[in-house]
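The values are calculated or read from the model by the stated rules, or taken from the named source; none is laboratory data. Here the structure is a predicted model, which is why all the values come from computation and not from measurement. Please note: Cβ atoms are built from the backbone with ideal geometry, for glycine as well, and neighbour counts cover all protein chains shown. Accessible surface areas use protein heavy atoms only, side chains included; no ligands, DNA or RNA. Shrake-Rupley method; radii C 1.70, N 1.55, O 1.52, S 1.80 Å.
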Amino acid sequence: MRMRVNHSAMMIDLKQLHLVLFFTEGVSLEIWDRGGLFDREVALYKALLPHLKAITFVTYGRAKDLDFAKRIAGIRIVCNRWNLGSQWYRRTFPLALRSCRKGPAIFKSNQVRGGGIPLYLAKRFGKPSIARCGYLPSDSLKTRQEKDAEAIRQAMIWENELFSQANRCVVTTQAMKHCLLQDYGVEPENVRVIPNYVDTTLFAPD
């Protein structure tokens, strides 16, 4: 398997690729597990693991996140094991991910909140980035009964900064893609629509 990375126009062997997934800011493996999302969320990366050189999860959990290592064997966990303040913890990312400096790597966000961190590190390391989100915070704010115009404006600023600078954008609906093209000027070839999946062993028509 091979892929093309636009910013360098070079072909990369996926077996040499290190994928780094940054969790939504404030979210941990423990939170995924408590919310019943753990198996669903990690299944995609377990399926990808045999095709890649490495996968790293960057979470916002504390040392307890390391207890999940056996359930995601082969995927490295970077977490706040020293119970640092949030700003100090983020400052450790370049050191924790120093192995990504050599060889192909992609930095990927899981949601808009916290997506600026992998974008910044991708640029710092000279690597491509994927801005992925399951929903647009600005859309969520617009549907509330008491709309906060300033909050919507700020959310759109964050979204614009993220999606306009990422090498690839991944959204879950065609409506979200339309928003990226119309509101943020993202080029169509840089947007992929990948809907949220359904486990058909659990949910399927008769």
Practice prompt. Among DSSP beta bridges lying fully in the chain, give the percent that are antiparallel, nearest 5.
Written response: 15
Worksheet item: What residue among 122, 175, 131 shows peak mean-square fluctuation when the chain is described by a Gaussian network model with Cα springs under 10 Å?
Response: 175
Discussion item. About the Cα centre, and with charges only on the beta carbon of Lys, Arg (+1) and Asp, Glu (-1), how big is the dipole of the chain? Nearest 20 debye, please.
Written reply: 1040
Fill in: Net +/- balance of residues flanking residue 68 in space, Cβ distance below 9 Å, scoring K and R +1, D and E -1
-1
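Just the number, please: carbon plus sulfur as a percent of the accessible area of the stretch 31-173, 1.4 Å probe, no ligands or DNA/RNA counted.
Details: 4150 of 7770 Å².
Of all accessible area on the stretch 31-173, carbon and sulfur atoms account for 53 percent.
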Discussion item. Please give the Cα centre distance for the stretch 53-70 versus the stretch 81-139, rounded to the nearest Å.
Written reply: 14
Worksheet entry | Reachable lysines from residue 127, criterion Cα separation under 25 angstrom, eight or more residues apart if same chain | 15, 46, 53, 102, 108, 177
Fill in: Local electrostatic count, residue 112, Cβ distance below 12 Å [Lys/Arg +1, Asp/Glu -1]
-2
Worksheet item: For the chain, which span is the longest to avoid every loop-located (per DSSP) member of trypsin sites (Lys or Arg not before Pro) having at most 14 other Cβ atoms inside 10 Å?
Response: 1-101
Worksheet item: Which order do 178, 51, 18 take when ranked by solvent-accessible area (1.4 Å probe, heavy atoms of all protein chains), largest first?
Response: 178, 51, 18
Item to complete: Over the chain, calculate the relative contact order: mean separation of alpha carbon pairs under 8 Å at least 6 apart, over the residue count, as a percent.
Response: 17
Worksheet entry | Sequence of 156, 176 when ordered by accessible area, the most exposed leading, probe 1.4 angstrom | 156, 176
Worksheet item: Separation between the residue 157 and residue 88 pseudo-spin-labels, each 7 Å from Cα along Cα→Cβ, expressed in nm?
Response: 2.9
Discussion item. I'd like the accessible area for residue 158: 1.4 Å probe, protein heavy atoms, all chains in place, Å² to the nearest 10.
Written reply: 150
Worksheet item: Per residue, how much accessible area does the stretch 45-113 have with a 1.4 Å probe, in Å²?
Response: 55
Practice prompt. Pick out which of 28, 109, 140 has the largest mean-square fluctuation in a Gaussian network model of the chain, springs linking Cα atoms closer than 10 Å.
Written response: 140
Worksheet, complete the sentence: Labelled set (i) 18.6, 55; (ii) 18.8, 59; (iii) 17.4, 52; Rg and Dmax of the Cα atoms in Å computed from this model equals the value at (iii)
